[in-house]
Amino acid sequence: MSPSSIDTLMAVLDRYAGLLQTLDDPARQMGPQIVWTGPDDLATVQALERASGFPLPGDLTAFYLAHGGIDVGQGWGALSLFSAGRLLANTTQASPERYPLRHGLLDFIHGVWEGRPEFDEAFSAEQTAQLNRAYLVIGMTALDDDTHRYLFLDRAGRCGALWFNQDCIDDEHLETLHQMLQTSPARSDFCTALAAEVQVAIERLHPRHVTVRA
């Protein structure tokens with residue numbers, strides 16, 4: 001992790017924690033806190049890379065070893081960065097479900113919504129496998145009952161976030177995914193991308209009184 005990007009991320013997390021202190025007590029007691037899962041060990045991170053077949057970038061590996069996963073907030077607008085341990089469990093556990101929660105891009109969206117038939121019509125088996133190999137979902141912001149932002153990695157170690165409304169899977173959604181077969185839209189390092197997701201949580205927590213600057 002570069003000093004500038006990790007410093008920015010930790011500053012945004014501190015800003016979120018500081019904002020919680022400005023809320024009245026009942027609001028704070030609802031639980032929109034920052035919860036750390038605790039560090040992942042190196043063996044778990046390496047096992048995840050073997051099981052998923054996905055090389056993790058150095059900045060994410062360093063974050064896992066130092067901090068593990070993180071949950072920011074509860075309810076709508078809550079952000080989760082999945083720990084390496086959680087990713088590994090979802091990748092390796094046996095499941096009787098038709099759409100188990102795996103972390104390749106289309107597999108993950110299928111698992112969250114218990115299947116999206118639109119994908120079966122829009123993508124061949126080869127294209128589905130390609131999207132699952134190319135992008136690994138490492139976190140999610142639940143914006144509302146139907147809409148999520150999926151934080152993902154590409155194989156170059158870059159991070160991006162895919163906005164998706166499961167009740168409105170239109171041509172624009174599908175075109176975005178088809179474009180991802182050709183070119184990754186990810187442009188950020190891990191820390192910068194996670195900081196941007198925390199900023200979304202800040203704006204939803206107190207949108208009229210918070211100015212967010214990276």
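The values are calculated or read from the model by the stated rules, or taken from the named source; none is laboratory data. What you are looking at is a predicted structure, and each value in this text was computed from that prediction instead of being measured. With ideal geometry, Cβ positions are generated from the backbone for all residues, glycine too; neighbour counts draw on all protein chains shown. Side chains included, ligands, DNA and RNA excluded: accessible areas come from the protein's heavy atoms. Shrake-Rupley method; radii C 1.70, N 1.55, O 1.52, S 1.80 Å.
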Matching residues, region 66-84, being closer than 14 Å to Phe190 by Cβ and β-branched (Val, Ile, Thr):
Ile70
Among the listed residues Glu126, Glu97, Glu118, identify the single one that is charged (D, E, K, R) and either touching a helix residue (DSSP H, G or I) at 6+ places or on another chain (Cβ under 6 Å) or at pLDDT 95 or above (or both).
Glu126
Scope region 166-195; condition open to solvent by 70 Å² or more (accessible area, probe 1.4 Å) and assigned to a helix (DSSP H, G or I); matching residues:
Asp171, Glu172, Glu175, Gln179
Restricting region 47-59 to residues that are assigned to a helix (DSSP H, G or I) and of a type in the set (A, V, I, L, M), the residue that is least open to solvent (accessible area, probe 1.4 Å)
Leu48
So Trp163 clears everything in (1) surrounded by fewer than 15 Cβ atoms within 10 Å (Cβ to Cβ); (2) without any contact (Cβ under 8 Å) to a residue 40 or more places away in the chain; (3) in contact with an Asp or Glu (Cβ under 9 Å, 6 or more places away or on another chain) except one condition, right? Which one?
(3)
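For region 87-113, what are the residues that are acidic (Asp, Glu) and outside any helix (DSSP H, G or I)? Full working, then the answer.
Keep residues of region 87-113 that are acidic (Asp, Glu), which gives 97, 107.
Result: Glu97, single match.
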Taking the criterion of being loosely packed, with under 15 Cβ neighbours inside 10 Å and under 16 Å from the mean Cα position of the chain (by Cα), would at least one residue in region 107-126 satisfy it?
no
Please tell me if Ala62 is among the small types (Gly, Ala, Ser), open to solvent by 10 Å² or more (accessible area, probe 1.4 Å) and touching a strand residue (DSSP E or B) at 6+ places or on another chain (Cβ under 8 Å).
no
Quick count over region 65-86, residues being open to solvent by 10 Å² or more (accessible area, probe 1.4 Å) and outside any loop (DSSP other than H, G, I, E, B), is 7
